[in-house]
């Protein structure tokens, strides 16, 4: 996961490397996910999210769809 | 000693010293045999709580912290700095520590310096965008690249 100045810089970076464009979203969405994902790591008894919980965290930031799915393909 | 004790010890040492403890360091700190600490490192790695350098028990990642320098530097208001594994993890360091901080990184396309600022639990507005190359279901195929 990388930060870019703008979508134009993402497009150019992918093009130069022959990489398919992944997904682009805002730092605000990333901050929302980061707080849920990492905010309790220093608490005793912390555990990793289940796939369903993780998808819920993504959805709380508006990150939905196939790219964010953790379910195995049918 | 539980695996959670080991996990917390690794994180706290990374925060305090910016260096991950070796298995021997952790065993000494927790007062357990080195073989027990080594087994805990292996279990934490197997369950993807930490990432070890291949073929070793040297900690590479204990999310959200990186044990090695990265382009994603976290500068906390108290003057301490840390490395995030990616820009998401760098923001995660600030979330985990629950204090004000900045993430300093660069645009991967043009090397322009970019800063994300968190004050009072809020991210300051920015024109930057985040790009994720790998779909979520495939992150662990190559977590270092992801």
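Just so you know, all these numbers are worked out from the coordinates, no wet-lab data involved. Values in this document were obtained by computation on a predicted structure and should not be read as measured data. For neighbour counting, all protein chains shown are included, and Cβ atoms are generated from backbone atoms with ideal geometry for every residue, glycine included.
Here is the figure for the range A:36-47: residues that are more than 7 Å from chain B (Cβ to nearest Cβ) and surrounded by fewer than 17 Cβ atoms within 10 Å (Cβ to Cβ) total 4. Once the range A:48-63 is narrowed to residues that are closer than 18 Å to residue A:1 by Cα and touching a helix residue (DSSP H, G or I) at 6+ places or on another chain (Cβ under 7 Å), the residue that is farthest from the other protein chains (Cβ to nearest Cβ) is A:62. Scanning the range A:9-19 for residues that are assigned to a loop (DSSP other than H, G, I, E, B) and at the interface with chain B (Cβ under 8 Å from one of its Cβ atoms) yields a single hit, A:19. For the range B:106-125, a residue qualifies if it is outside any loop (DSSP other than H, G, I, E, B) and either crowded, with 21+ Cβ neighbours inside 10 Å or touching a helix residue (DSSP H, G or I) at 6+ places or on another chain (Cβ under 9 Å) (or both), and the qualifying residues are B:114, B:116, B:118, B:122, B:123. Within the range B:84-105, being in a loop (DSSP other than H, G, I, E, B) and either surrounded by 24 or more Cβ atoms within 10 Å (Cβ to Cβ) or in contact with a helix residue (DSSP H, G or I) (Cβ under 7 Å, 6 or more places away or on another chain) (or both) holds for B:85, B:86. The residues in the range B:94-112 that are within 7 Å of chain A (Cβ to nearest Cβ) and over 14 Å from residue A:28 (Cα atoms) can be counted, and the count is 7.
Per-residue answers, yes or no, for (1) exposed (fewer than 14 other Cβ atoms within 10 Å of the Cβ); (2) under 19 Å from residue B:26 (Cβ atoms); (3) in contact with a strand residue (DSSP E or B) (Cβ under 9 Å, 6 or more places away or on another chain):
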| position | (1), (2), (3) |
| --- | --- |
| B:45 | no, yes, yes |
| B:48 | yes, yes, no |
| B:54 | yes, no, yes |
| B:58 | no, yes, yes |
| B:62 | no, yes, yes |
| B:65 | no, yes, yes |
| B:69 | yes, no, yes |
| B:72 | no, no, yes |
| B:75 | no, no, yes |
